[in-house]
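Quick one: structure below, then a few questions.
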There are 2 protein chains.
Amino acid sequence: MKFNDKTRQKIGIIGGGQLGKMMILEAKKMGFYVSILDPTEACPADSIADEHLIADFDDQQAIRELAQKSDLITYEFEHIGVEVLKELEAEGYKIYPTASSLEIIQNKYEQKTVLKKNGIAVPDFIKVESPADIKEAAKKFTYPLMLKSCTGGYDGKGNAVVKSEEEVESSFKELGAGSTPLMVEKYIPFKKEISIIAARGLTGEMEVYPAGENDHQDNILYETKVPAEISAELEEEAEEFAREVLEVFEGIGIFCVEMFVTEADELLINEIAPRPHNSGHYTIEGCVTSQFEQHVRAIAGLPLGDTALLRPSVMRNILGTGDQGKAEVVGLEQALAIEGVKVHVYQKTISRPGRKMGHLTVTAENLELAAKRALKASQLVEIKGEI
Amino acid sequence: MKFNDKTRQKIGIIGGGQLGKMMILEAKKMGFYVSILDPTEACPADSIADEHLIADFDDQQAIRELAQKSDLITYEFEHIGVEVLKELEAEGYKIYPTASSLEIIQNKYEQKTVLKKNGIAVPDFIKVESPADIKEAAKKFTYPLMLKSCTGGYDGKGNAVVKSEEEVESSFKELGAGSTPLMVEKYIPFKKEISIIAARGLTGEMEVYPAGENDHQDNILYETKVPAEISAELEEEAEEFAREVLEVFEGIGIFCVEMFVTEADELLINEIAPRPHNSGHYTIEGCVTSQFEQHVRAIAGLPLGDTALLRPSVMRNILGTGDQGKAEVVGLEQALAIEGVKVHVYQKTISRPGRKMGHLTVTAENLELAAKRALKASQLVEIKGEI
């Protein structure tokens, strides 16, 4: 082992957004040196990173430079060109999660194929290349159906619900008219969406967080409640699913496994994110070990921490309101006056309507109270653009 | 009010040690801009501060510069020349806690005099200027007695126990032979040492944390256990004492009130620190709101947060071992493998025997378990100097 003192390993993060920022806040507690690569000079992680390479995410030379000045590389979002990561890995650089697992997860069709092959329940899916293919798929899956870009989508971007044959052409065009590979998925009329944050260490050990119950609005997460209101059996099954997913992909670090709970109380995997996830932000205040600390522990080869929930927790996103412009936080005092409210401001210079500008978490003695306080706080605090 | 968005207030911290670092980690969650003043280039807070003025703490021009680039000034240790702070305050700069309260607290004789005048119980004390004065005081207080420098002491430095008349001369010399003002205090054969962390906001509102029970070794804190094993009455009395102290000094931000529990179960104030305190580090993992977040809330004019204890907590300091030299963390993996253990590494470049290099906190279902795990972890992790 090169490092007796593991805190001397320099960590490089591709991306300096809020996830990178929250990762650094935990890494710094333990004394790590952290560099980031991000094209935005004043990105959220900039002011607390030891070094910031200002470069585009597809700048292979810059990613190589980050690797050269770091002992291990991780990333806060999954849409990175894997070629350079594979090259670097072949040269002996440590990339966590590995480039090979990232490559599969990046492509939703490949991701689902691997899951299905390993006996993990996913909605039925099929690759499509043309409107004719979509109509053919509809014979099997029936309308409505989900049309998805296999690569590059996030926060609902790259997804379209096709309600009827009339919408096939327009949805096909909306998703690029075949410029990126497409797939069709059976539409699942789910009862609940849940997600499990789970971590796997360098030697395969795993720790799983309790399921969170997610609500989305316009395809963007707006609330996570923990514990999820599901049966103990389903909770156990969901946690087992997460373990299987991490095994299958040989995950290293934090993964998020999003699942549907169907009307028949069955679990189907919706999506996998190979990184700390918005639906795991509650762990900062709610759990003994936050997902960000856990990620740092995992990739640094340290033992994983306790994932126990300290108190019922509710997280709500703070999305930009008003105009596009300089971000201003309004109503913070009112929100913080509510018991147990923690507000995280990401320090994005520019606010845009719907942009993730911050989040708040409330922990309380019971979930109902936490949810009530979180709702109230989210009605009071706002991050808006000033022109 | 100048700031509608209070997160836009720039915070300046005099001192960039571990307290400054932990303050910044909380300030950054809420999106504050933070500058520090510290003579050490690679001080603990350096890598996460927005700006670092490298200057001595007695460099009045540098403190003025920090004030000019900040909207409010705070400090992580109390031994600063108050003159410049008073000047700045008179010019309209915001200094929290205020220079006038700092001035009194800095001088232990003045501090105790104010406390006594306000009816808050302190050990008997008297000012002394010579060995003859000390001997005279001994007639009243009897040996052993405490000889203390009125200013500048910390971690037991500046204190001496005078066991008998034979030790008067040597103790007098040890504490500077009158070069700094001295006082004698009645020696209190205490049952326990406890401390209360408490916060007072800009408009006088207060929040008090549960009492922590402290153990010192060689005058340096080595363990804080929370809740303190004291009666409910004593807990209430201690919390009330803390409130009174903050009222008396018109404190702003976090204060630590250290108290003795006497054999007769009476409380006597030992010392007051006008800042986040080592004995309050447990609040990071143990309480809903950490002392550092609370301090930021208080000085920024935000509502104070909930001080409830989430789980019984035990904090242990990690003091430098081995030689003076480049700091190396040893045994971190073994310590982190114990459930609920969090290790904070301060990132001090040089370790010296006995220097505060980090701390660890364990939260658990009960105090006994937390204490057992903390003890075990502290036997495993070490920060030592490499030559």
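The values are calculated or read from the model by the stated rules, or taken from the named source; none is laboratory data. Note that this is a predicted model, so its numbers are computed, not measured. When we count neighbours, we look across all protein chains shown, and the Cβ atoms used for this are built from the backbone with ideal geometry, even at glycine.
Taking the conditions exactly as written (of a type in the set (A, V, I, L, M), in contact with a Leu (Cβ under 6 Å, 6 or more places away or on another chain), surrounded by fewer than 22 Cβ atoms within 10 Å (Cβ to Cβ) and not assigned by TED's automatic domain parsing to the domain that holds residue B:345), does residue B:88 satisfy them or not?
Here the answer is no, as residue B:88 does not meet what is asked.
Given the options B:328, B:368, B:339, name the one that is free of Cβ contacts under 8 Å to residues at least 24 places away in the same chain, in the same structural domain as residue B:221 (by TED's automatic domain parsing) and surrounded by fewer than 21 Cβ atoms within 10 Å (Cβ to Cβ).
Checking each option against the conditions leaves just B:368.
Got at least one residue in the range A:22-37 being away from chain B (no Cβ under 14 Å), modelled with pLDDT of 95 or more and farther than 23 Å from residue B:326 by Cα?
yes
Here are some conditions: (1) more than 14 Å from chain B (Cβ to nearest Cβ); (2) out of contact with any helix residue (DSSP H, G or I) (no Cβ under 6 Å at 6 or more places or on another chain); (3) modelled with pLDDT of 95 or more; (4) surrounded by fewer than 21 Cβ atoms within 10 Å (Cβ to Cβ). Residue A:51 meets all but one. Which one does it not meet?
For residue A:51, the exception is condition (1).
For residue A:314, all conditions in the list (1) more than 9 Å from chain B (Cβ to nearest Cβ); (2) among the hydrophobic types (A, V, I, L, M, F, W, C); (3) outside any strand (DSSP E or B) hold save one; what is the number of the exception?
(3)
So, one more: Please go through the range B:156-173 and give me each residue that is loosely packed, with under 15 Cβ neighbours inside 10 Å and part of a helix (DSSP H, G or I), ordered by number. It would help to see each step written out before you state the result.
Taking the range B:156-173 as the starting set, the residues that turn out to be loosely packed, with under 15 Cβ neighbours inside 10 Å are B:156-157, B:161, B:163-166, B:169-170, B:173.
Across the range B:156-173, the qualifying residues are B:165, B:166, B:169, B:170, B:173.
Buried (at least 23 other Cβ atoms within 10 Å of the Cβ), more than 9 Å from every other protein chain (Cβ to nearest Cβ) and not β-branched (Val, Ile, Thr): does that describe residue B:274?
It is true that residue B:274 is buried (at least 23 other Cβ atoms within 10 Å of the Cβ), more than 9 Å from every other protein chain (Cβ to nearest Cβ) and not β-branched (Val, Ile, Thr).
Could you please give the count of residues in the range B:174-206 that are of a type in the set (Gly, Ala, Ser), assigned by TED's automatic domain parsing to the domain that holds residue B:221 and either in a loop (DSSP other than H, G, I, E, B) or at pLDDT below 95 (or both)?
2
Further, regarding this structure: Return a yes/no flag: does the range B:349-356 have any residue that is within 9 Å of another protein chain (Cβ to nearest Cβ) and crowded, with 18+ Cβ neighbours inside 10 Å.
no
Find the residue count for the range A:30-48, including only residues that are within 20 Å of residue A:343 (Cα to Cα), buried (at least 21 other Cβ atoms within 10 Å of the Cβ) and out of contact with any Asp or Glu (no Cβ under 6 Å at 6 or more places or on another chain).
The qualifying residues number 4.
So which of B:340, B:320 is at the interface with another protein chain (Cβ under 10 Å from one of its Cβ atoms), of a type in the set (Gly, Ala, Ser) and within 27 Å of residue A:34 (Cβ to Cβ)? Talk me through it step by step, then tell me what you get.
Values: B:320 fails: at the interface with another protein chain (Cβ under 10 Å from one of its Cβ atoms).
Being at the interface with another protein chain (Cβ under 10 Å from one of its Cβ atoms), of a type in the set (Gly, Ala, Ser) and within 27 Å of residue A:34 (Cβ to Cβ) holds for just one of B:340, B:320, which is B:340.
Could you say which residue among B:283, B:361 is polar (S, T, N, Q), within 14 Å of chain A (Cβ to nearest Cβ), closer than 25 Å to residue A:292 by Cβ and in contact with a His (Cβ under 8 Å, 6 or more places away or on another chain)?
Among B:283, B:361, only B:361 is polar (S, T, N, Q), within 14 Å of chain A (Cβ to nearest Cβ), closer than 25 Å to residue A:292 by Cβ and in contact with a His (Cβ under 8 Å, 6 or more places away or on another chain).
Still on this model: State whether one or more residues within the range A:301-309 are of a type in the set (Val, Ile, Thr), touching an Asp or Glu at 6+ places or on another chain (Cβ under 8 Å), within 11 Å of chain B (Cβ to nearest Cβ) and under 30 Å from residue A:104 (Cα atoms). Before the answer, list the steps.
Taking the range A:301-309 as the starting set, the residues that turn out to be of a type in the set (Val, Ile, Thr) are A:307.
If we keep only those that are touching an Asp or Glu at 6+ places or on another chain (Cβ under 8 Å) as well, we get A:307.
From what's left, within 11 Å of chain B (Cβ to nearest Cβ): A:307.
Then drop every residue that is not under 30 Å from residue A:104 (Cα atoms), which leaves A:307.
Yes, some residue in the range A:301-309 is of a type in the set (Val, Ile, Thr), touching an Asp or Glu at 6+ places or on another chain (Cβ under 8 Å), within 11 Å of chain B (Cβ to nearest Cβ) and under 30 Å from residue A:104 (Cα atoms).
Pick out the one residue from B:234, B:268, B:304, B:221 that is assigned to a strand (DSSP E or B), surrounded by fewer than 24 Cβ atoms within 10 Å (Cβ to Cβ), in the same structural domain as residue B:199 (by TED's automatic domain parsing) and of a type in the set (A, V, I, L, M, F, W, C).
B:268
From A:380, A:360, which residue is over 16 Å from residue A:208 (Cα atoms), surrounded by fewer than 24 Cβ atoms within 10 Å (Cβ to Cβ) and aliphatic (A, V, I, L, M)?
A:380
Would you call residue A:139 outside the structural domain of residue A:356 (by TED's automatic domain parsing) and farther than 30 Å from residue A:253 by Cα?
Against the criterion (outside the structural domain of residue A:356 (by TED's automatic domain parsing) and farther than 30 Å from residue A:253 by Cα), residue A:139 qualifies.
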